[in-house]
Amino acid sequence: MTVYQTDLDGVFVGTTTADQDPLDSTNWLIPAGCVETAPPTITDSQFAKWNGTEWVVEDTPVAEPDPEPEPLSSAETARAKRNQLLVASDSMALADRITDDWRTYRQLLRDVPLQSGFPKSVTWPNEP
């Protein structure tokens with residue numbers, strides 16, 4: 001016997017077959033979440049949902065597009081670049097690799113927000 005599967009919310013997801021009870025030939029073993037009543041015909045913008053007693057046709061909700069992210073401020077952009085440069089130079093800050101040039105470079109990067117023209121006018125230090 002064909003039965004109609006639903007998900008946990010009762011939405012039709014497909015068909016399957018119920019097995020006859022091997023101990024009682026007049027009984028069918030219907031899988032959980034299945035009903036014997038066929039769902040109605042629906043369009044691509046609809047879905048059928050079993051409400052416990054009958055099928056109900058509902059329109060598929062239209063997802064709202066994600067809003068465009070707010071553009072970063074000049075200060076956020078400058079700090080992001082500074083952070084990338086610091087991360088890129090992390091390997092040179094290891095105890096067995098650090099030199100005075102790298103210490104100075106990394107300190108100048110950390111001091112970028114303290115520059116008088118920050119964030120509109122930034123003087124980026126040169127990598128050693």
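A compact table of results
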| read-out | value |
| --- | --- |
| From 51, 83, residue being loosely packed, with under 10 Cβ neighbours inside 10 Å and out of contact with any Cys (no Cβ under 7 Å at 6 or more places or on another chain) | 51 |
| Lone qualifier among 8, 72 - being within 30 Å of residue 128 (Cβ to Cβ), out of contact with any Asp or Glu (no Cβ under 9 Å at 6 or more places or on another chain) and in a loop (DSSP other than H, G, I, E, B) | 72 |
| Failed item in (1) at pLDDT 95 or above; (2) over 36 Å from the mean Cα position of the chain (by Cα), with residue 39 passing the rest | (2) |
| Checking residue 87 against (1) of a type in the set (A, V, I, L, M); (2) in contact with a Pro (Cβ under 9 Å, 6 or more places away or on another chain); (3) free of Cβ contacts under 8 Å to residues at least 24 places away in the same chain; (4) part of a helix (DSSP H, G or I), the condition it does not meet | (2) |
| Breaking point among (1) more than 33 Å from the chain's Cα centre (by Cα); (2) not assigned by TED's automatic domain parsing to the domain that holds residue 14; (3) not small (Gly, Ala, Ser), for residue 67 | (1) |
| Any chance residue 23 is without any contact (Cβ under 8 Å) to a residue 24 or more places away in the chain and not in a helix (DSSP H, G or I) | yes |
| Total residues in the range 2-30, condition more than 40 Å from the chain's Cα centre (by Cα) and surrounded by 11 or more Cβ atoms within 10 Å (Cβ to Cβ) | 4 |
| Pairs where the first residue, in the range 56-76, is closer than 30 Å to residue 10 by Cβ and the second is of a type in the set (D, E, K, R), C-beta under 7 Å, 6+ apart | 56/49; 58/49 |
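The values are calculated or read from the model by the stated rules, or taken from the named source; none is laboratory data. If you're wondering where the values come from, they're calculated on a predicted model, not measured in any experiment. So basically every Cβ, Gly included, is an ideal-geometry build from the backbone, and we count neighbours across all protein chains shown.
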